[in-house]
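Asks: This structure is in structure tokens; I'll ask about it shortly.
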Amino acid sequence: MRSTHPLSVSVTDLTVRYHDGRLALENVSFRVGAGESVAILGANGAGKSTLLLALVGVIWAQGRVSFGDLTLSPKTLRDVRRRVQLVFQEPDDQLFMPFVRDDVAFGPLNFGVPAEDVRTIVKKALDSVGLTGFENRNPHALSLGEKKRVAIAAALACKPQVLLLDEPSAGLDAPGRRQLAEVLRSLEATKLIATHDLDFASAVCERAIVLKCGRVRSEGAIESLLADEAMLYDCGLR
């Protein structure tokens, strides 16, 4: 049976080039320890979303990406996507079923989990994000914050060892951001959170990687980075 323990993430010389030859990411390298929560910070256009998409093979890149001892390649793509789940910025891009239970069940069923086990998995995933009893709700009738938590529950139902989140706090009010931060802090999976919301990043993550124009500009403890006003201004984060 596959382990559900958090995995480390290793990225070496990751480069993504647009069709017109421009670089979206250039020689990006970093390592995230198993169970760490790390923010990927940067202004719009810095390459945050491209990086997350490249980590799960939605965009193919030059370089090397590994999760524990599993290296991303066309042959390992299905295994990677069982271990690594990406939650998009817009939950409507992920939620397409008529009922919440169906959206949360989709991943496990697709990976061959028996239907009788999926009901328990769905309930536990919804419980973990504070949406107990939402199984029969229409996801498109929910608030933005609730939709985002359903999308996270759908990812958690696949029992990911690494969770990637793209701008999870975008569009949420202050109570919604606090609630979501509490949910994310409670999760055991290794987390990479792409955001330009510095307060949210500080509430959830211990460390950060700052991107500027597709390259790593700075990396380190998030408190130290957020105290570097000159760097934040240079990277469009102030």
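The values are calculated or read from the model by the stated rules, or taken from the named source; none is laboratory data. Given the structure is predicted, the values throughout are model-derived calculations rather than measurements. When we count neighbours, we look across all protein chains shown, and the Cβ atoms used for this are built from the backbone with ideal geometry, even at glycine. Please note that ligands, DNA and RNA were not included when accessible areas were found on the heavy atoms of the full protein model with its side chains. Shrake-Rupley method; radii C 1.70, N 1.55, O 1.52, S 1.80 Å.
Asks: Examine the stretch 223-230 for a residue that is outside any helix (DSSP H, G or I) and surrounded by fewer than 17 Cβ atoms within 10 Å (Cβ to Cβ), and state whether such a residue exists.
Replies: First pass over the stretch 223-230, keeping only residues outside any helix (DSSP H, G or I): 227-228.
Going one step further and asking which of them are surrounded by fewer than 17 Cβ atoms within 10 Å (Cβ to Cβ), we end up with 227-228.
Yes, there is a match, as at least one residue in the stretch 223-230 is outside any helix (DSSP H, G or I) and surrounded by fewer than 17 Cβ atoms within 10 Å (Cβ to Cβ).
Asks: Among the strands (runs of 3 or more DSSP E) contained in the stretch 6-55, which hold 2 or more residues that are open to solvent by 30 Å² or more (accessible area, probe 1.4 Å), touching a residue at least 12 places away in the same chain (Cβ under 8 Å) and on the phi < 0 side of the Ramachandran plot?
Replies: Working: elements: 9-17, 23-32, 37-41.
Fully inside the stretch 6-55 and qualifying: 9-17, 23-32.
Asks: Determine the pairs where a residue that is within 19 Å of K147 (Cα to Cα), located within the stretch 93-117, has a partner that is of a type outside the set (A, V, I, L, M) and open to solvent by 40 Å² or more (accessible area, probe 1.4 Å) with Cβ atoms under 6 Å apart, the partner being 6 or more residues away or on another chain.
Replies: Once the first residue is within 19 Å of K147 (Cα to Cα) and sits in the stretch 93-117, its partners that are of a type outside the set (A, V, I, L, M) and open to solvent by 40 Å² or more (accessible area, probe 1.4 Å) give Q94/F88; F99/N136; V100/E135; V100/R137; R101/E135.
Asks: Going through L23, L70 one at a time, which residue ends up being modelled with pLDDT under 95, over 17 Å from the mean Cα position of the chain (by Cα) and either among the aliphatic types (A, V, I, L, M) or within 27 Å of G171 (Cα to Cα) (or both)?
Replies: L23
Asks: Would you please name the residue that is farthest from L53 (Cα to Cα), looking only at residues in the stretch 130-145 that are open to solvent by less than 40 Å² (accessible area, probe 1.4 Å) and part of a helix (DSSP H, G or I)?
Replies: To start, the set of residues in the stretch 130-145 that are open to solvent by less than 40 Å² (accessible area, probe 1.4 Å) comprises 131, 134, 139, 142, 145.
After this cut, where a residue has to be part of a helix (DSSP H, G or I) as well, the list is 139, 145.
Values: P139: 24, G145: 23 Å.
For the stretch 130-145, the residue satisfying everything is P139.
Asks: Report yes if P168 is open to solvent by less than 40 Å² (accessible area, probe 1.4 Å), part of a loop (DSSP other than H, G, I, E, B), within 13 Å of A125 (Cα to Cα) and not hydroxyl-bearing (S, T, Y), otherwise no.
Replies: Considered against the rule, which asks whether it is open to solvent by less than 40 Å² (accessible area, probe 1.4 Å), part of a loop (DSSP other than H, G, I, E, B), within 13 Å of A125 (Cα to Cα) and not hydroxyl-bearing (S, T, Y), P168 comes out as no.
Asks: Still on this structure, I have one more. Considering (1) in a helix (DSSP H, G or I); (2) more than 30 Å from Y18 (Cβ to Cβ); (3) among the aliphatic types (A, V, I, L, M), say which one A155 fails and leave the rest.
Replies: (2)
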